[in-house]
Protein chains: 2
Amino acid sequence: MIKRMSKTFEKLQPYLDKSMALQTARNLFEWDNQTAAPFEAGEYTSKVIGILSDEYMKSLVNDDVRKYLKKLQDKKEQDELTETEKAIIKELAKTYEQLESIPPEEYRAFNELTSISNRAWMKAKKNNNYEDFAPYLKKVIEYKKKFAAYRVKGKQKPYEVLLSDYEECFMIDELDIFFDKVKKEIIPLLQEVGKKAETIDKSYNYLSYDVEQQREFCKYLSGYIGFDFNRGVIAESAHPFTLQLHNHDVRITDRYIENNLESAMFSIIHESGHALYEMNIDDAITQTMVGGGASMGMHESQSRFYENNIARSKEFWEPIYDKLVKAYKTNLATIDLDHFILGINKAAPSLIRTEADELSYCIHILIRYELEKMIFAEEVSVEELSKAWNQKYQEYMGISPSTDTEGILQDTHWSWGEFGYFPSYAIGTAVAAQLYACMMDKMPLSDYLKTGNLTPIRDFLREHIHKFGAVKNTNEILKDVCGEEFNADYYIKYLKNKYTKLYHLS
Amino acid sequence: MIKRMSKTFEKLQPYLDKSMALQTARNLFEWDNQTAAPFEAGEYTSKVIGILSDEYMKSLVNDDVRKYLKKLQDKKEQDELTETEKAIIKELAKTYEQLESIPPEEYRAFNELTSISNRAWMKAKKNNNYEDFAPYLKKVIEYKKKFAAYRVKGKQKPYEVLLSDYEECFMIDELDIFFDKVKKEIIPLLQEVGKKAETIDKSYNYLSYDVEQQREFCKYLSGYIGFDFNRGVIAESAHPFTLQLHNHDVRITDRYIENNLESAMFSIIHESGHALYEMNIDDAITQTMVGGGASMGMHESQSRFYENNIARSKEFWEPIYDKLVKAYKTNLATIDLDHFILGINKAAPSLIRTEADELSYCIHILIRYELEKMIFAEEVSVEELSKAWNQKYQEYMGISPSTDTEGILQDTHWSWGEFGYFPSYAIGTAVAAQLYACMMDKMPLSDYLKTGNLTPIRDFLREHIHKFGAVKNTNEILKDVCGEEFNADYYIKYLKNKYTKLYHLS
């Protein structure tokens, strides 16, 4: 055990513990709400969650924590801290600034607004009417602009304040460079692949697949890539997600659709990728402020790595495709492995992000990134957003939604005020490709996959990424594991190679 | 809306809200632990629960609450309170006294001890060795004696302090009278019935019953008696239980045993009885200190009422027995309703409380009551307890366990320090019989059952018992609904009539 040297940190510890406990309780309520709670519980349970949230806020924003935090940021006190403690203080300072910058009554009003706004979004999506949602979205955006203004520093742009909440390593300059590459390289590639892929018959994927059998096979897949059922559980919810109480209690959900074989399988692999991250975080830092993943972007890199780089490869399916065919004999008897691999990699311009293939996915994000940037640079009004959305799809995808439901109303994020979140999906996907390239160099990755030995892959990720939690940021991790910081070229190269090979492009 | 008149109560309210939220969070962790949490989560989650428990304690035991409580107990302030507020203050005073009487470090040490003691009990039970458990039990009892001594008032006996935690209306004098009747009337009846019932063939109950089918039928039964699935859920756990977050979120569990038809069915009806109580508590008092059932005894009366008085009657099964037979055709085709009714009411002296029939059940409690009384009157040592247990069984049941596992080690309660709890099971069962007699007078209960119309029964209980939560105590409720306080004669009469009729006794 490392001897604790800082008396000040010792005094801070009970506040950190209390905020951890309250946050864990909030997480459990969130899990329960999505997976178990009865239909009518909401109103009364909200009251409980409201009080716990206030207490969480108070456990961190108070005179004592302010005093200790300030002291612990001094050079002299910093010298007494371990690396983990320093990281905790850095994280606390960030959280503190976020929590303290917004007056509590505005924060509460905003939370009430987003809950109403989300319901308005659901209704508008159902009725295919953006105009009904726009007034709520407008208010949400006004709040986000105000909150960003409270926190903006120096030359920082308001949108960057929001971006930094999800991924601190990539601000507008970096994202512009990244998305420029996507625009130049992936858009033409997608058009080319789209034409070739049209001929692939994927009708087998939409036959009837017994849900109980799906449940079982998905559980198998999750265990296959390394999910530890002694430290985690799988449940069901309307939208798949991952949630952890700590590194010994990591939970994922899936959704089973009778007429779609791929949906639940790739969802469970995606969520299991997130889960492995949380399960492999070091015991010494779980239940601390750095006891989760490094960032949204880094987290997404782990889910996308397993979902795309690993599970959409032929090597991954080689040892287990027979098992899949056996589970669904009548449907898959005539579909050989090569056909299946083409099927799971069928790509084309598309309208719905969550159903997008690996290739078109980042273009969906590109569009959202550009729109969010415009919103916070006051270059587009809320009223014009639906039209702007459709124009971007026409420009980049070559197709345009005929309804708002398939267009601007498809995602829930904005209704909750989650601006700046989308880019981390694309960054994560690109980070995954960079890690994949570097791991191909460092280990016989393909052989491991072909022989069904996924343990060394999980162990590598644990030792080089997972165990550090949020002690290092995305670029620090990449530097240490790959020898260089984020470089989007790996991603572009990966997609070009993969699809050129799959579709015999010239 | 009633205008709030007391400024002091207004000031107290935030503390009550906070303690409610923390208690609800603890309840959710408890639920999750029993139904969902992964195997290895315990150690880390305990830390969270420990912190939430400390915060719960602090939210109630502090100078502000002490001050407001004292003020609100004054006559003048009392006049400004509504009946509900008065009940809350009374409940708070009781809880406060409990929490404050015990020094926090002793309370923490005791909680640590019971968690160890419970593990020791599990092991000892498995290994059939009371001696291994005795040292832990001894320490637990020492703590309970100490804690009781802190709270004992006037002529009160230490054991009565413990009794009052579960049911305040019945102290040793009342219980002695009650159990004397049990001894005089039920023991000979059980012996007589036992001999007659031997000939009833119940082997059908132990055939193989498909678990999925059991799950479905039990869900049906629960809904049949009135469980509202919009405000509650059913899950599975090792031991069936009921737990509520508030009146719109009431959860029950069941356990399905392939080779036992009755087990899951009567468990679900029992737990549904508890659940109806919690679901029917008035919206105005849910999430307050009087927003749960009146007492353990009163709660048990509702579960036992449905389990025994209702669901072990022929009238209850008349409209639905066909459905049961249809669900399990091969097993039940030759068992007619009369045979089934004799089966579910087969009675005999027995060794295991949780598997006991309706008739022998209270004798199991009688034995535990007498032993607990002896323990706290220093009339038996922990070392002698196993022998004393076996002697009591021999005396009252006419049979004696051949192992400690089937004897003193069978129940978990003592390992947690839950002394004084058992009597509330018997009291509840007797209260149920009194309510049953009174309802038979007030409504065509048998007709309702025969026609499958259970709504008036549920509505009656809601209007006369459930909705009041803990605003009234057991005797106040009985007085208001039946016109007299607790009277054990109804119970004795009920059992005598029922079994005389069933077995054609003279």
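The values are calculated or read from the model by the stated rules, or taken from the named source; none is laboratory data. Model, not experiment: these values are computed from the prediction. Backbone-built Cβ (ideal geometry, glycine too); neighbour counts: all protein chains shown.
The figures follow:
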{"item": "Residue A:386 being within 30 Å of residue A:162 (Cβ to Cβ), within 26 Å of the chain's Cα centre (by Cα) and of a type in the set (Gly, Ala, Ser)", "result": "yes"}
{"item": "All strands (runs of 3 or more DSSP E) inside the stretch B:191-263 with 3 or more residues being crowded, with 21+ Cβ neighbours inside 10 Å, within 12 Å of chain A (Cβ to nearest Cβ) and over 24 Å from the mean Cα position of the chain (by Cα)", "result": "none"}
{"item": "Candidates A:467, A:442, A:373, filtered to the one that is more than 30 Å from residue A:193 (Cα to Cα), under 21 Å from the mean Cα position of the chain (by Cα) and among the basic types (Lys, Arg)", "result": "A:467"}
{"item": "Close pairs from the stretch B:433-449: first closer than 11 Å to residue B:494 by Cβ, partner of a type in the set (S, T, N, Q) and outside any helix (DSSP H, G or I), Cβ under 7 Å, at least 6 apart", "result": "B:434/B:487"}
{"item": "Flag if residue A:291 is more than 12 Å from chain B (Cβ to nearest Cβ) and not basic (Lys, Arg)", "result": "no"}
{"item": "Whichever residue in the stretch B:69-120 is among the hydroxyl-bearing types (Ser, Thr, Tyr) and more than 30 Å from residue B:408 (Cβ to Cβ) and, among such residues, is surrounded by the most Cβ atoms within 10 Å (Cβ to Cβ)", "result": "B:84"}
{"item": "Residue match in the stretch A:70-78 (condition: in contact (Cβ under 8 Å) with a residue 24 or more places away in the chain and in contact with a Lys or Arg (Cβ under 8 Å, 6 or more places away or on another chain))", "result": "yes"}
{"item": "Qualifying residue in the stretch B:227-243 (condition: closer than 27 Å to residue B:452 by Cβ and among the small types (Gly, Ala, Ser))", "result": "yes"}
{"item": "Test: residue A:36 is closer than 17 Å to residue B:27 by Cα, within 14 Å of chain B (Cβ to nearest Cβ) and touching a strand residue (DSSP E or B) at 6+ places or on another chain (Cβ under 9 Å)", "result": "yes"}
{"item": "Residues of the stretch A:376-389 satisfying the condition of being in contact (Cβ under 8 Å) with a residue 12 or more places away in the chain and outside any loop (DSSP other than H, G, I, E, B)", "result": "A:376, A:385, A:386, A:388, A:389"}
{"item": "Output for the stretch A:354-368, where each listed residue is in contact with a helix residue (DSSP H, G or I) (Cβ under 6 Å, 6 or more places away or on another chain) and either hydrophobic (A, V, I, L, M, F, W, C) or at pLDDT below 95 (or both)", "result": "A:356, A:359, A:362, A:363, A:365, A:366, A:367"}
{"item": "Residues that are surrounded by fewer than 17 Cβ atoms within 10 Å (Cβ to Cβ) and among the small types (Gly, Ala, Ser), drawn from the stretch B:438-475", "result": "B:446, B:452"}
{"item": "Flag if residue A:180 is within 21 Å of residue A:377 (Cα to Cα), free of Cβ contacts under 8 Å to residues at least 60 places away in the same chain and part of a helix (DSSP H, G or I)", "result": "yes"}
{"item": "Residue B:55 being closer than 19 Å to residue A:247 by Cα and either among the small types (Gly, Ala, Ser) or within 14 Å of chain A (Cβ to nearest Cβ) (or both)", "result": "no"}
{"item": "Residue satisfying all of: in the stretch B:9-51; modelled with pLDDT of 95 or more and of a type in the set (S, T, N, Q); farthest from the chain's Cα centre (by Cα) among these", "result": "B:13"}
{"item": "Residue in the stretch A:394-401 that is crowded, with 20+ Cβ neighbours inside 10 Å, under 26 Å from the mean Cα position of the chain (by Cα), at pLDDT 95 or above and part of a loop (DSSP other than H, G, I, E, B) present", "result": "no"}
{"item": "Conditions (1) in contact (Cβ under 8 Å) with a residue 40 or more places away in the chain; (2) part of a helix (DSSP H, G or I); number of the one not met by residue A:41", "result": "(1)"}
{"item": "Inter-residue pairs, beta-carbon under 6 Å, first without any contact (Cβ under 8 Å) to a residue 24 or more places away in the chain and in the stretch A:452-472, second surrounded by fewer than 22 Cβ atoms within 10 Å (Cβ to Cβ), 6+ apart", "result": "A:456/A:448; A:464/A:481"}
{"item": "Subset of the stretch A:58-68 (residues that are surrounded by fewer than 19 Cβ atoms within 10 Å (Cβ to Cβ) and either farther than 16 Å from residue B:59 by Cα or at pLDDT 95 or above (or both))", "result": "A:61, A:62, A:63, A:64, A:66, A:67"}
{"item": "Selected residue [at pLDDT below 95, over 22 Å from residue B:367 (Cβ atoms) and surrounded by fewer than 16 Cβ atoms within 10 Å (Cβ to Cβ)] from B:146, B:153", "result": "B:153"}
{"item": "Residue tally, condition of a type outside the set (Val, Ile, Thr), more than 10 Å from every other protein chain (Cβ to nearest Cβ) and part of a helix (DSSP H, G or I), over the stretch A:1-18", "result": "8"}
{"item": "Among (1) within 14 Å of another protein chain (Cβ to nearest Cβ); (2) more than 23 Å from residue A:437 (Cα to Cα); (3) part of a helix (DSSP H, G or I); (4) not charged (D, E, K, R) - the single one residue A:275 does not satisfy", "result": "(2)"}
{"item": "Single unsatisfied condition, residue B:319 versus (1) in contact (Cβ under 8 Å) with a residue 60 or more places away in the chain; (2) surrounded by 18 or more Cβ atoms within 10 Å (Cβ to Cβ); (3) not aliphatic (A, V, I, L, M)", "result": "(2)"}
{"item": "Residue A:304 being more than 26 Å from residue A:92 (Cα to Cα), in contact (Cβ under 8 Å) with a residue 12 or more places away in the chain and either within 14 Å of another protein chain (Cβ to nearest Cβ) or not in a helix (DSSP H, G or I) (or both)", "result": "no"}
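Every residue, every condition in (1) in contact (Cβ under 8 Å) with a residue 24 or more places away in the chain; (2) in a loop (DSSP other than H, G, I, E, B), yes or no:
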{"residue": "B:331", "(1), (2)": "yes, no"}
{"residue": "B:340", "(1), (2)": "no, no"}
{"residue": "B:357", "(1), (2)": "no, yes"}
{"residue": "B:367", "(1), (2)": "yes, no"}
{"residue": "B:374", "(1), (2)": "no, no"}
